[in-house]
Amino acid sequence: MKFQVLNPLALPKWDDLLKLNPQATIFHSRAWAGVLSQSYGFTPAYFTRTGEDRLDALFPLMEVNSLLTGKRGICLPFTDECQPLLTGETSFKELFAQVLDYAQAHRWQYIEWRSGRNRLAEATASLAFYHHSLDLRPGEKALFEQLGGSTRRAIRKAEQSGLEIEITPSIDAVRAFYGLHCQTRKKHGLPPQPFLFFLQIHQQTLSKGLGMVVQASYRSQPIAAAVFLNFGKQAVYKFGASNNTFQHLRANDLVMWSAIKHLITNGFERLSFGRTSLANAGLRRFKLGWGSKEETIEYFKYDLKTAAFTVETDRATGWHNTLFRRLPIGLSRLAGKLLYRHI
């Protein structure tokens, strides 16, 4: 069984093929390939097998080539989940064997994929996370009734706080979000991604109808915002940020509920809340409060030097958090600009 290695950026009709697969998300799309390529210089290597006007198999990989951290293939960088898309006729084992051949020829150090489940009996997961998703098909009334009590109270409080909600794909909204994002990353002790990354998200997705920014303002000041991406009938909550000074107004809850209502109105069927570290009880509780379905997703990392799957430690928390909490936002932004290309 032979697979082609394609670059979706060279195929204008890539998304037309992709839309025929109901499991496809924005992360499999040509747009997201453009975001990663233009932001960080990663090289697409998408293993595919096509039939008559259909995509039978897809294992999308980006080659990350760094002088600091080496060369590897990742499916896909800066995504919470991006599982290979396969029909019943396609063997993942055969597909992975050809990926290995390619990786060895291109001297990759390892291959990593972020999948919902294990497709190889011999594979050991490198990391595991919670994943939460919400079925939007029951509609607004039914979904509101299934919200946790604290979530319903937070929405009502926010609605009574004089907040204004705007749903827009505009670059001005992206800029306002980025200001909040830098504050939120500082609070969590992490450097923000470079603004170029969000500029590319705007150019490649939001400006083409593949996403939106939902923003809450108080007395004309943006205090919370979130970036949602969409493809087909599926949407993804990708980034959220807020001004902690106004936390008591519960703007984050109103942003999420406004997004859910908007997605329902526009015919979307599923909202992914993304991944959550197993140790992050607060974020897990927030996502469960929306009546979401909880699953465990596993990441897999195959080391070509040892010819074995490796196990890693979730490095979401550590000494670096203290460092980045103390750094001024300007220096933290510079660190993000320098580091994210490599890590």
>> Show me, bin by bin at 10 Å from 0, the whole-percent P(r) of segment 85-129 based on Cα pairs.
In response: 21, 52, 26, 0
>> Give me a comma-separated list of calculated 3J(HN,Hα) values for segment 104-113, in order, Karplus coefficients 6.51, -1.76, 1.60 applied at θ = phi - 60°, integers in Hz, x for any Gly or Pro.
In response: 5, 5, 9, 6, 6, 7, 7, 10, 10, 9
> Tell me, what HN-Hα J-couplings in whole Hz come from the Karplus equation 6.51 cos²θ - 1.76 cosθ + 1.60 at θ = phi - 60° for each residue of segment 283-296, using x for Gly and Pro?
Replying inline: 5, 4, 5, 4, 6, 5, x, 8, x, 6, 8, 9, 9, 10
> Shape of segment 1-109 from its Cα gyration tensor (a ≥ b ≥ c, root eigenvalues): rounded if a/c is under 1.5, otherwise prolate when a/b > b/c, or oblate?
Replying inline: oblate
> When the accessible area of the chain is split by element with a 1.4 Å probe, what percent falls to carbon and sulfur?
Replying inline: 49 percent
> Per 5 Å bin from zero, what fraction in whole % of the C-alpha pairs of segment 227-271 is there, up to the bin with the longest pair?
Replying inline: 5, 21, 29, 20, 13, 8, 5, 0
>> Which residue, Ser39, Leu86, Gly51, has the largest displacement toward the positive end of the dipole of segment 1-121 when charges sit on each Cβ (Lys, Arg +1; Asp, Glu -1)?
In response: Ser39
>> What translational diffusion coefficient, to the nearest whole µm²/s, does segment 201-343 have by Stokes-Einstein, given a Kirkwood radius computed over alpha-carbon pairs, a temperature of 25 °C and 0.890 mPa s viscosity?
In response: 136 µm²/s
> What value, in deg cm²/dmol to 500, does the helix sum -39500 (n - 2.57) over DSSP H runs of n ≥ 4 give at 222 nm once divided by the residues of the chain?
Replying inline: -10000 deg cm²/dmol
> Could the peptides 216-229, 300-313, 235-248 be put in order, highest first, of the mean number of other beta-carbon atoms found within 10 Å of their residues?
Replying inline: 216-229, 235-248, 300-313
> Any idea what the relative contact order of segment 143-217 is, in percent, if you count C-alpha pairs under 8 Å spaced at least 6 apart?
Replying inline: 47 percent
>> With +1 assigned to the C-beta of every Lys and Arg and -1 to the C-beta of every Asp and Glu, and no other charges, what is the dipole magnitude of segment 234-340 about the Cα centre in debye, to the nearest 20?
In response: 360 debye
> So what is the relative contact order of the chain, in percent, for Cα pairs below 8 Å that sit 6 or more residues apart?
Replying inline: 24 percent
>> Nearest 10 degrees is fine. How inclined is helix 30-40 to the longest principal axis of the chain, computing both from alpha carbons?
In response: 90 degrees
> Considering only protein heavy atoms, what is the solvent-accessible area of Lys261 at a probe of 1.4 Å, reported in Å² to the nearest 10?
Replying inline: 60 Å²
>> Probe of 1.4 angstrom, ligands and nucleic acids ignored: what's the accessible area per residue over segment 1-71, in square angstrom?
In response: 45 Å²
>> Compute, for segment 131-224, the length of the dipole vector about the Cα centre, with Cβ point charges of +1 (Lys, Arg) and -1 (Asp, Glu) only. Units Debye, rounded to 20.
In response: 300 debye
> segment 73-105: which GluC sites (Glu not before Pro) are DSSP loop and have at most 11 other beta-carbon atoms within 10 angstrom?
Replying inline: Glu89
>> Give the separation of the Cα centroids, segment 193-219 to segment 260-334, in Å.
In response: 19 Å
> Rounded, prolate or oblate: which fits segment 66-198, taking a ≥ b ≥ c as square roots of the Cα gyration tensor eigenvalues, rounded meaning a/c under 1.5, else prolate when a/b beats b/c?
Replying inline: oblate
>> If you take every residue apart from Gln4 with its C-beta less than 13 Å away from the C-beta of Gln4, what net charge results, scoring Lys and Arg +1 and Asp and Glu -1?
In response: +1
>> If the only charges are +1 at each Lys and Arg Cβ and -1 at each Asp and Glu Cβ, what is the size of the charge dipole of the chain around the Cα centre, to the nearest 20 debye?
In response: 1080 debye
>> Quick check of the Kirkwood formula: for segment 179-235, what is the inverse mean of 1/r over all pairs of different Cα atoms, in Å?
In response: 12.7 Å
>> With the cut-off at 1.5 for a/c, could you classify the chain from its C-alpha gyration tensor as rounded, prolate or oblate?
In response: prolate
>> Check which residues have an amide H placed less than 5 Å from Leu6's amide H, if you skip close sequence neighbours.
In response: Tyr46, Phe47, Thr48
>> As a test of understanding, state the convex hull volume per residue of segment 126-217 from its alpha carbons, in Å³.
In response: 183 Å³
>> Quick query: amide H of Arg270 versus all other amide H atoms, modeled in the peptide plane; which residues come in under 5 Å with a sequence gap of 5 or more or a different chain?
In response: Leu136, Ala235
> How high is the relative contact order of segment 170-271, in percent, with contacts defined as C-alpha pairs under 8 Å that are six or more residues apart?
Replying inline: 26 percent
> Asp56's amide H: which non-local residues (gap 5+, or another chain) put their own amide H closer than 5 Å, with H modeled 1.01 Å from N in plane and none for Pro or chain starts?
Replying inline: Arg49, Thr50, Gly51
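The values are calculated or read from the model by the stated rules, or taken from the named source; none is laboratory data. All values derive from a computational prediction rather than experimental measurement. Quick reminder, even Gly has a Cβ in these numbers, built from the backbone with ideal geometry, and neighbours come from all protein chains shown. Heavy atoms of the whole protein, side chains included, go into the accessibility calculation; ligands, DNA and RNA do not. Shrake-Rupley method; radii C 1.70, N 1.55, O 1.52, S 1.80 Å.
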